[in-house]
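Student: One structure follows; several queries about it will come next.
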Amino acid sequence: MCPVFTLTRHEGHTARGHLLLIDRLLHAKPGEDQGSLPPPTARFRELLFDCLRCGNCATVCPSHIPTVALFEVARMVVSHPRSRPPWWRLARWTLLDPHRRLPPLLRLARPLLPLTRWLAGSPRPDRRIAASLVQAACGSPPTPACQGGDAPPSSGAVPMLLFSDCVQTSLFPQALDCLVGLAAKLGIRLRPVRGSACCGAAGLGVGDLDFLQRAIARNLALFGEGDTPIVVDNPTCLEVIRSWYPRLAGRAGERFASRTVYGLKLILDHSANPAFGRRLPLRVALHDACHRRNFIPSGDKLAPLLGRRVDLLQPGLLPDRACCGFGGSFLLDFPAQAETMGRRLAQALLSLKPDLILSTNPACALSLKASLLREGADLPVLLPSQLLHWLSTV
């Protein structure tokens, strides 16, 4: 079940291996016996952070152990390795606040696109990944942005708040526009909350508890204590909010988490109507991202709905469960493994000969687009709100 173990064949990368290492660390007294561990070594840190937090292990654990949450706690206890090259520190700095830091960096990067084509041929996987990510992020939107043409919601529309996550805001702003447009057609008025950007997931990736707590406090203050539902369209953000806000913010965090609604589920639950009509000769390959599949089991209506409109193609189950290899900081720390995972998934999707690819997670969509570019394919990669909005207009 573990994508990393599939590549490394090292038992320390399995959920059981991680749990045993953490258990030995917690109960070790240096010098007491040969079985005890000294303070975490570089190898221990490497094993602990060599994990995608995909949740595959949690879904099949017969004892229902919350493995991902335990690994995230361990990362907070064991400091992240700091000896990294300047480009890695720049990427990590960007990931910790992409809403404000990524857009200006992308504007600076666009004139350097010819350099990325040179880096794409580098023998080093980290440089190849960096080049393809910049190319994917700087590329023009694969479909027209959802601008105008959407009738404003009626005065009797149901009001909801929109959590504008940092990845979609920075890289897929048209997807959030499409979500707002779709909701308006279904009688729902989505109001973006200014300042809502990071849920704190970036901090979890590198074990930064302070960053996560600051993100929680900021979002609790922004959204207030009312009862208005909060629509979150990023599965990773939704999983973090529902798992960590109650743990770290008590009743206020529980209340916030209870108000959240998955954006895709909101649209799908209201879409059994003629708005999605005639069938189109379009081949769409679906990549159901791990965080959606394992933590937010509520988008299962997507495939049947799309299957009525387009030729929906799904790749056979790969040994690594078709992981894109992103995993937050995983892609920075273990580029060779991430590149292999991305190549496997890209090749599996390309073998279906699709017209476009659909991914249910924005970070996965970016990573998948970069993997396709490394394979020499420049196919559109869309998010569900983009495709559903387009289908509702044709």
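Student: Can you pull the accessible area of K353 for me, 1.4 Å probe, Å² to the nearest 10?
Tutor: 150
Student: Still on this model: Report the full-extension gain for the segment A252 to D311: residue separation times 0.36 nm, less the Cα-Cα distance, to one decimal in nm. Before the final figure, lay out the partial values.
Tutor: Numbers: separation 59, 0.36 × 59 = 21.24 nm, distance 4.44 nm.
Separation in residues times 0.36 nm, less the Cα-Cα distance, equals 16.8 nm.
Student: Additional query: Once ligands and nucleic acids are excluded and a 1.4 Å probe is used, how much of L47 is accessible, expressed in Å² to the nearest 10?
Tutor: 10
Student: What's the FRET efficiency of T228 with H64 using the Cβ-Cβ distance as r and R₀ = 35 Å, to the nearest 0.05? Could the numbers behind the result be given before it?
Tutor: On the way: r = 33 Å, r/R0 = 0.94.
Result of the calculation: an efficiency of 0.60.
Student: Given 0.36 nm per residue, what is the gain on full extension from W118 to T8 after removing their alpha carbon distance, in nm?
Tutor: Working: separation 110, 0.36 × 110 = 39.60 nm, distance 2.94 nm.
Full-extension gain reported as 36.7 nm.
Student: Among N234, Q213, V284, whose Cα sits farthest toward the positive end of the charge dipole of region 211-291 (+1 at Cβ of Lys/Arg, -1 at Cβ of Asp/Glu, about the Cα centre)?
Tutor: V284
Student: Here's something else I'd like to know. Could you order W244, W118 by accessible surface area, starting with the largest, using a probe radius of 1.4 Å?
Tutor: Highest to lowest solvent-accessible surface, that is W118, W244.
Student: Still on this model: Between T393 and V77, what length comes free when the chain is fully extended (0.36 nm per residue of separation minus the Cα-Cα distance, one decimal in nm)? Walk me through the numbers on the way to the answer.
Tutor: Working: separation 316, 0.36 × 316 = 113.76 nm, distance 5.03 nm.
Computed gain between T393 and V77 is 108.7 nm.
Student: For M160, M341, give me the order by solvent-accessible area with a 1.4 Å probe, most accessible first, ignoring ligands, DNA and RNA. Provide the component values of the computation, followed by the final result.
Tutor: Working: M160 25, M341 0 Å².
Reading off the accessible areas and sorting them downward yields M160, M341.
The values are calculated or read from the model by the stated rules, or taken from the named source; none is laboratory data. Keep in mind it's a predicted model, so treat the numbers as computed, not measured. Please note: Cβ atoms are built from the backbone with ideal geometry, for glycine as well, and neighbour counts cover all protein chains shown. Surface accessibility is based on the protein's heavy atoms, side chains included, excluding ligands, DNA and RNA. Shrake-Rupley method; radii C 1.70, N 1.55, O 1.52, S 1.80 Å.
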